[in-house]
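Peer 1: Handing you this structure, nothing more for now.
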Amino acid sequence: MTFADSNSPVERARCWISRAALVAATILLAVGVGLAEMHQTSSVAVLKTACAILLAVPILNAIAALLEEIGRREWPFVGAALLVLGLVAYSVLDRVK
């Protein structure tokens with residue numbers, strides 16, 4: 001299996017989710033800007049949702065990379081993916097406090 005093996009179930013799921021998220025975020029950004037132009041207070045919630053989707057995609061990609069590397073038994077890369085996800089979790093939890 002190569003790094004970008006499109007036959008991998010994890011890779012296919014990652015691509016599908018990334019594309020769906022991009023389409024959803026684009027639509028929500030357009031709707032949010034339109035609502036903001038009409039001075040609707042709901043525009044903030046729509047724009048926050050679009051931004052949250054855009055922020056979630058790289059996290060999902062890191063999770064997909066972790067699963068792929070576990071399957072390949074590439075332990076240094078598993079450690080690197082866990083480190084990245086740990087740093088992201090720490091940053092999120094630090095902001096929530």
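Bear in mind that the values in this text are calculations on the coordinates, not laboratory data. Please read these numbers as outputs of a predicted model, since none were measured by experiment. No Cβ is skipped: glycine too gets one built from the backbone with ideal geometry, and neighbour counts run over all protein chains shown.
Peer 1: Would you say Val23 is surrounded by 14 or more Cβ atoms within 10 Å (Cβ to Cβ) and of a type in the set (A, V, I, L, M, F, W, C)? Full working, then the answer.
Peer 2: Numbers: surrounded by 14 or more Cβ atoms within 10 Å (Cβ to Cβ): no; of a type in the set (A, V, I, L, M, F, W, C): yes.
Criteria not met by Val23.
Peer 1: With the requirement that a residue be surrounded by 12 or more Cβ atoms within 10 Å (Cβ to Cβ) and within 22 Å of Arg14 (Cα to Cα), what does the stretch 30-57 give you?
Peer 2: The answer is Thr49, Ala50, Cys51, Ile53, Leu54, Leu55, Ala56, Val57.
Peer 1: Out of Ala25, Ala20, Ala36, Ala13, report the one residue that is closer than 25 Å to Ala64 by Cα, in contact with a Leu (Cβ under 8 Å, 6 or more places away or on another chain) and of a type outside the set (S, T, N, Q). Give the derivation first.
Peer 2: On the way: Ala20 fails: in contact with a Leu (Cβ under 8 Å, 6 or more places away or on another chain); Ala36 fails: closer than 25 Å to Ala64 by Cα; Ala13 fails: in contact with a Leu (Cβ under 8 Å, 6 or more places away or on another chain).
Being closer than 25 Å to Ala64 by Cα, in contact with a Leu (Cβ under 8 Å, 6 or more places away or on another chain) and of a type outside the set (S, T, N, Q) holds for just one of Ala25, Ala20, Ala36, Ala13, which is Ala25.
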